[in-house]
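Colleague: Following this message is one structure expressed as structure tokens.
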4 protein chains.
Amino acid sequence: MNSFGRFFRVHIFGESHGNGVGVCIDGCPEGIPLSADDFVSDLVRRKSGARGTTPRIENDMPEILSGIYNGYTTGAPVSILFRNENTRSSDYERFTAMPRPGHADFSGRIRYNGFNDPRGGGHFSGRVTLGIVSAGVIAKKTVSPVNIEAVLVKVGGSTDIQSKIEEVLSENDSAGGLIHCRISGLRAGIGNPFFDSVESVLAHILFSIPGVKGVEFGAGFAAAEMKGSEHNDPFISPTGETLTNNAGGINGGISNGNDIKINIAVKPTSSIGREQHTFNFETRKMDVLKAEGRHDACIALRIPVIVEAAAAIALADLMSAKK
Amino acid sequence: MNSFGRFFRVHIFGESHGNGVGVCIDGCPEGIPLSADDFVSDLVRRKSGARGTTPRIENDMPEILSGIYNGYTTGAPVSILFRNENTRSSDYERFTAMPRPGHADFSGRIRYNGFNDPRGGGHFSGRVTLGIVSAGVIAKKTVSPVNIEAVLVKVGGSTDIQSKIEEVLSENDSAGGLIHCRISGLRAGIGNPFFDSVESVLAHILFSIPGVKGVEFGAGFAAAEMKGSEHNDPFISPTGETLTNNAGGINGGISNGNDIKINIAVKPTSSIGREQHTFNFETRKMDVLKAEGRHDACIALRIPVIVEAAAAIALADLMSAKK
Amino acid sequence: MNSFGRFFRVHIFGESHGNGVGVCIDGCPEGIPLSADDFVSDLVRRKSGARGTTPRIENDMPEILSGIYNGYTTGAPVSILFRNENTRSSDYERFTAMPRPGHADFSGRIRYNGFNDPRGGGHFSGRVTLGIVSAGVIAKKTVSPVNIEAVLVKVGGSTDIQSKIEEVLSENDSAGGLIHCRISGLRAGIGNPFFDSVESVLAHILFSIPGVKGVEFGAGFAAAEMKGSEHNDPFISPTGETLTNNAGGINGGISNGNDIKINIAVKPTSSIGREQHTFNFETRKMDVLKAEGRHDACIALRIPVIVEAAAAIALADLMSAKK
Amino acid sequence: MNSFGRFFRVHIFGESHGNGVGVCIDGCPEGIPLSADDFVSDLVRRKSGARGTTPRIENDMPEILSGIYNGYTTGAPVSILFRNENTRSSDYERFTAMPRPGHADFSGRIRYNGFNDPRGGGHFSGRVTLGIVSAGVIAKKTVSPVNIEAVLVKVGGSTDIQSKIEEVLSENDSAGGLIHCRISGLRAGIGNPFFDSVESVLAHILFSIPGVKGVEFGAGFAAAEMKGSEHNDPFISPTGETLTNNAGGINGGISNGNDIKINIAVKPTSSIGREQHTFNFETRKMDVLKAEGRHDACIALRIPVIVEAAAAIALADLMSAKK
């Protein structure tokens, strides 16, 4: 299912080397001021070009196909299209025979019985996150004044991010990264017990971002090593402010008015320039693979804005349920 | 929303101190042999009674209300009821004035404008997981021969689990725990790119379990510190077997045929016997709270079977989508 | 799927001759006063006992299992159970070999590969509508002050309903009926263009009622024979009041503030005492069937309250979407 | 919600005078041969140009944005865009002050607080059905060999359709129409009891088509006037063939293997050239309205292909649930 949300509903589509990628946002409230300019800032943050990101640079100009009239959302679906332009499909053909370790080449082919578009990862491409970022731009407006901010805090385990990037570039390798996301200004009482807990809904969409392999809230995995007397956050004010925030702003699946704190683990980019020993499904022997496409040395560099968008979409949906 | 799943759909209901808790499972295939006896083993694993669990012991006898005929599921909804018997509601009344740190007392009251049932946590109670475990029993049958096994590997950071339990019991405190879940026998090709990735769907339901604050797949948070050359799992056989399993059996959101590996962080039980300094919303001053109800010193002791059930439900749903 | 609704969600379960039937209502707002007494009036209207209805009479006492505390809904799922008591299962066994014309005996067996419960129609039984009526009682409260009223206006084509009932009783036959439903007090602006039009959502649930074979809004089928100059409803006041109401209160799928008018066609009860020539799937020859179970001569007599409940559920859902 | 379906999911978007209209189809199986040519035949049937249809003629060339690779569906979302070209927006501006009787001008403005795009009906336009027809082309392929055929059988109550069209054209009026749809080749066992009965799902999407005000299955409203002995369809063969087909091929919400028969009532086009007396919301007095835009004298002429598409989408969804 390429849809997320029950109220604020996001439908994504597209492939890396097809005509384009895009998004259709349904359930977006009417009357929100919106123009193509509103997308620039977040799209630039997602864009490649910086040291450590892929040399494939797309214009990423959004075309709003529907849902806007006289500068405001109409309440009808907002659909946005990004054309693909800078594609070099020949890079990818041989990955059918020799699926890249860490990639969806193998699992995707089985999932779709070989009919999936293999060019540039097809529908598995990170390029499809353009739709998520675009939906996030609108979602951020609907959840205002809630503020969502995600930052890359470590690359390859190091806080000296620049050095680590240079290191893996010099090695034709890649690195993972750790992202921290803080949501402030969310009022208490949002979310649900059990299946639509704030954690469930946020984790659902965060794990949809390609490369995310871990999500924790508040103290997260450290909580597993704590005692109750350490972990419990005492209330200290009539508004529900707590002294500590080990719960990450969520009790019983429901926001308590304190900041939501999330850590997100991003694995290293699977495509690396170094040789990798892996199975050749044609010759049925082990073989050596060297990926020569254009890739990011650290995809985590481009993910904070996607994390923000994902969180905004999840909150837009959760908050619609409790107007 | 107290529902999970699109195909194999689980609806839970009930409160800790009301008439009972239960579950309605819709979309369960017909023809699965099922009797009340099938629930015993998992319900016993969930049950309290062991050292470190609450002294409130319920019979936990499932009554199958519908959906079974002549020992087989009929394809109609299977609904199961557990009566509440051993309730002592007077324990909980004062938590309205003085919400317990770490509990849903505060956030839940705001969420439901004070109409929620506060007795024993009401619908926020861990007792509602009886429905999840019951649905899991059926889900395990539908995903067979896929095998799901969850074990508690650490309590309070220690692998000497028994000692740590004694330590926190002696301190009137509680401890968190780390659970590992392994899913084997799942064929490649299950799951979807993006919003319904295997990670998304599993994390969604795992974070629905009260107390879960972190979920990671394969190398998880460690992946954020790795290089691509370390993290990538080379294929080594024509069936897609990999040499390492840092991906936790999932590439691009889709199973690759290797074991799914999940770590789940459970926070310490919020209710502790020790005094806690927290805000009194009636006197509007800081005050001292001492929880005297019957609680688990380490709720993580009882959670592995719930993790298994949650994973089974998620897989039953994902596998239905790709028959 | 035994669920209806995106916001106000109704899940039904149960079989005619199993332990019971019931309903779980999720997404019901908190703070609605509710007790078992509130169900009496509508359950009595649905009940059999009147001339032309089945001699199987059940107590139909609702047991509220969850979701109520101190006389108010809590916001957690409200689940309600009706025990089956007055069952005589031997009546139904032979319908496997010789499926009753007009019944789900044949289609249901194929649908569920023979695992469905055949006793009293199993999950296909009209008894399962107890859950719909119960959910309707709550839905009516949530949509208040909207008023929903359904009446049986014709039986077997005649407005002299009593005479027609006697006629078919004397013939060991059954009769269909026409029900009119009027919804007043619904404000303009409810509903959506296209897939969730007021007509779509209402028709969806109305066609879920066993026996309903036709639904029309406003002028309905007569509209197909009209000209625009006749059919168009001129506005006559600043509140949107119209001179005529051929649209049945709905323009472009959205309520316009005038009464919603619906006609519902109910087919005659399939089970009749008269002999019927039909195929015997065991002997593989035509044969004579005589249904001796306890049945309604005109099921339409009992359906108005179900129509009201269905309409209330649909409106509760539509109105939640546009608070 | 602009989405339909749980498995085969159709998301529509667009406005009459905006950039375009389109559709995103998710859950479409991989491996279905598909090219732009496949859409021609059904799009031509939907197109205007014939006597009695609007003089606004669009090229209606579909651009497939995603989901196709090497001539086959990939399993990823298929999205299709139709650009708007022949728009004359000045026709529509005054309908804000003086909403057209029978149109969504009034109800739509309230629904969207005045932010909806009024040009050409905006998102309420019949032009949005291009997306439904396109999705229907794909749905028809997925349900093959099931055959769906809809025909206009009456206009304004007359089977002499051509004469009736000339009559209303000469009067500057419009006419309603009756459409019959027959689905053959659908195997028994598709559908569900209650909420997702074949009737419920089909009626839901059929009532989404602008102008549809009545839907009946089999004998439909005539069934309300029949006796059981007349209405019951006796089985006559081991495959479940019935002598008559008053049930329209559906028993208990489930297909029985006989043809599905549906009648659909379409109201007359609301926009007529004749003067209409209606309320002026600016002057707050009754006034005279004359619609001068380009409209269809009988929209029912163009609806059979939309009915087929809608039925195909519903069946694609229902059949996916029971592979």
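Only the coordinates and a few stated rules stand behind these numbers; no lab work does. On a predicted model such as this, the values are computed, not experimentally measured, just so you know. All Cβ positions, even for glycine, are placed from backbone atoms using ideal geometry, and neighbour counts span all protein chains on display.
Colleague: Count charges around B:LYS164 for me, please; just the other residues with Cβ under 12 Å from its Cβ, Lys/Arg as +1, Asp/Glu as -1.
Modeller: -3
Colleague: Let me ask another. Would you mind giving the mean number of other chain beta-carbons within 10 Å of the Cβ of each residue in B:260-272, as a whole number?
Modeller: Partner-chain Cβ atoms within 10 Å, mean over residues of B:260-272: 5.
Colleague: For A:ASN280, list long-range residues whose amide hydrogen, built 1.01 Å from N in the peptide plane, is under 5 Å from its own amide hydrogen.
Modeller: A:LYS285, A:MET286, A:ASP287
Colleague: Note the angle between two axes, namely the Cα long axis of helix A:161-170 and the longest principal axis of the Cα atoms of chain A, as a number of degrees from 0 to 90, rounded to the nearest 10.
Modeller: Taking Cα atoms only, the helix is inclined about 10 degrees.
Colleague: Give me a single rounded figure for D:239-252: the average over its residues of other chain Cβ atoms within 10 Å of their Cβ. Can you show the working numbers first?
Modeller: Numbers: counts 1, 7, 1, 5, 5, 1, 0, 5, 7, 2, 1, 4, 12, 16.
Average per residue, whole number: 5.
Colleague: Equivalent ellipsoid semi-axes for segment D:61-204, as square roots of 5 times the alpha carbon gyration tensor eigenvalues: give them largest first, rounded to whole Å.
Modeller: They are 32, 25, 18 Å, listed largest first.
Colleague: Now for a different question. Can you grab the distance from the C-alpha centre of segment C:188-207 to the C-alpha centre of segment D:127-185, Å, no decimals?
Modeller: 21
Colleague: What dipole magnitude, in Debye to the nearest 20, does segment B:3-322 give about its Cα centre under +1 on Lys/Arg Cβ and -1 on Asp/Glu Cβ?
Modeller: 440
Colleague: Applying 1/(1 + (r/R0)^6) with R0 = 22 Å to the Cβ-Cβ distance of C:ASN70 and B:GLU63, what FRET efficiency is obtained, to the nearest 0.05?
Modeller: Efficiency, from the Cβ-Cβ distance: 0.25.
Colleague: Considering the Cα positions of segment D:7-110, please state its Rg to one decimal place and its Dmax as a whole number of Å.
Modeller: Expressed in Å, the Cα Rg and Dmax of segment D:7-110 come to 17.0, 51.
Colleague: What does the structure give for C:26-39 when I average, per residue, the other chain Cβ atoms found within 10 Å of the residue Cβ?
Modeller: Across the residues of C:26-39, the mean count of other-chain Cβ atoms within 10 Å is 2.
Colleague: Sticking with this structure for a sec: Taking only Cα atoms, what is the 0 to 90° angle, nearest 10, from helix C:37-46's long axis to the longest principal axis of chain C?
Modeller: Between the helix axis and the principal axis of chain C, the angle is about 60 degrees.
Colleague: Taking R0 as 41 Å, what FRET efficiency do you get between D:ARG182 and D:ASN86 from their Cβ-Cβ distance, rounded to the nearest 0.05?
Modeller: Result of the calculation: an efficiency of 0.75.
Colleague: Spin-label point model (7 Å from Cα, Cβ direction): what's the D:GLU275 to B:SER41 distance in nm?
Modeller: 8.4
Colleague: Which whole-number percentage describes the relative contact order of chain A, with Cα contacts under 8 Å and a sequence gap of 6 or more?
Modeller: 23
Colleague: Still on this structure, please answer the following. Expressed as cubic angstrom per residue, what is the convex hull volume of the alpha carbon set of segment D:3-322?
Modeller: Taking only Cα atoms, segment D:3-322 has a hull volume of 148 Å³ per residue.
Colleague: Using only Cα atoms, find the angle between the long axis of helix B:129-143 and the longest principal axis of chain B, and express it within 0 to 90 degrees, rounded to the nearest 10.
Modeller: For B:129-143 against chain B, the angle is about 10 degrees.
Colleague: Determine one quarter of the surface area of the Cα convex hull of segment C:182-303, which equals its mean projected area, and express it in nm² to one decimal.
Modeller: Answer in nm², one decimal: 11.1.
Colleague: OK, next. Using the Kirkwood formula on the Cα atoms of segment C:179-244, what hydrodynamic radius do you get, in angstrom to one decimal?
Modeller: 14.1
Colleague: Counting C-alpha atoms alone, how compact is segment C:41-80: give Rg to one decimal and Dmax as a whole number, in angstrom.
Modeller: Looking at segment C:41-80, its Cα Rg and Dmax stand at 14.3, 40 Å.
Colleague: Rounded to the nearest whole Å³, what is the per residue volume of the convex hull around the Cα atoms of the protein assembly as shown?
Modeller: Dividing the Cα hull volume of the protein assembly as shown by its residue count gives 159 Å³.
Colleague: Here's something else I'd like to know. Roughly how far apart, in whole Å, are the Cα centres of segment B:62-91 and segment B:256-323?
Modeller: If we compute the Cα centre of each part, the gap is 23 Å.
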